[in-house]
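One structure is given below, encoded as structure tokens.
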Amino acid sequence: MTPPADRLRVGVLVSGRGSNLQALLDASRRADYPAEVVVVISDRERAAALDRARAAGVETLFVNPKDFADRQAFDLALVRELTARRVDLVCCAGFMRILSSAFTRAFSGRAMNIHPSLLPAFPGLHAQRQALDHGAKVAGATVHFLEDGAVDTGAIILQSSVPVHPDDTEDTLSARILIEEHRLYPEAVRLFAEGRLAVEGRRVFVRGEG
Ligand code: GRF
């Protein structure tokens with residue numbers, strides 16, 4: 001199937017397993033989906049996510065942070081690669097690096113991240129463990145726009161909650177949240193591609209709802 005020429009061009013940044021990437025790749029295969037993944041970039045050469053992209057016939061790049069003098073130079077290299085491929089939207093999907101303003105400025109309003117908590121609760125690493133340690137009764141997933149110089153902040157696009165069960169481990173809770181992540185991320189990209197996200201300050205409104 002040849003995708004329609006006017007589909008939104010998505011670049012995905014990964015570091016690891018790539019299950020969220022897979023959800024985006026699977027969505028891209030649907031004829032009526034308004035976006036397609038055109039490049040997957042990893043900062044780790046052996047990320048399983050790269051195999052998923054190759055299997056889907058999507059271009060992959062390994063950009064080695066060690067080849068650059070500092071974070072900004074690395075981030076600018078990412079910007080160059082993405083821009084060269086006319087990427088409209090960047091999706092971080094398990095990308096384990098903090099992007100500097102060199103990146104967020106270039107893709108302001110055009111870069112998203114997914115995080116396994118109901119932000120602003122539990123930003124940073126091990127969000128699911130943080131939720132368990134705090135005795136949270138609900139947990140969930142958040143898709144948000146990237147914000148300059150901050151981690152897991154930025155205007156919230158979509159969220160979904162899941163219950164925390166008394167016998168949950170980090171693994172069982174993560175698995176329950178992941179199901180929501182795989183549903184939310186393609187949905188957020190679809191809304192962006194359809195021009196249905198309106199950002200006012202920190203609030204993102206979805207047009208044509210309710
Ligand atoms: C996901 O839980 C995502 O929310 C977080 O890192 C994990 C990446 O998983 N940022 P995967 O690589 O998409 O499977």
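The values are calculated or read from the model by the stated rules, or taken from the named source; none is laboratory data. None of the values given here were measured: they were computed from a predicted structure. Because the Cβ atoms are built from the backbone with ideal geometry, glycine has one as well, and the counts that use them run over all protein chains shown.
Assorted remarks:
- Any hit, region 145-153, residues being on the phi < 0 side of the Ramachandran plot, among the charged types (D, E, K, R), modelled with pLDDT of 95 or more and away from the ligand (no atom under 16 Å from the Cβ): no
- Residue match in region 111-124 (condition: more than 14 Å from the ligand (Cβ to nearest atom), within 16 Å of the chain's Cα centre (by Cα) and modelled with pLDDT of 95 or more): no
- Region 13-42 residues that are more than 20 Å from residue 103 (Cβ to Cβ), paired with ones that are within 15 Å of the ligand (Cβ to nearest atom) and assigned to a loop (DSSP other than H, G, I, E, B) (beta carbon under 6 Å, 6 or more apart): 25/56
- Spans of strands (runs of 3 or more DSSP E) in region 21-94 with at least 2 residues more than 15 Å from the ligand (Cβ to nearest atom) and surrounded by fewer than 15 Cβ atoms within 10 Å (Cβ to Cβ): 59-62
- Looking across region 9-20, the residues that are out of contact with any Leu (no Cβ under 6 Å at 6 or more places or on another chain) and either modelled with pLDDT under 95 or buried (at least 21 other Cβ atoms within 10 Å of the Cβ) (or both) come down to 13, 18, 20.
- Scan of region 158-178 for residues that are surrounded by fewer than 16 Cβ atoms within 10 Å (Cβ to Cβ) and touching a His at 6+ places or on another chain (Cβ under 9 Å), ordered by number: 170, 172
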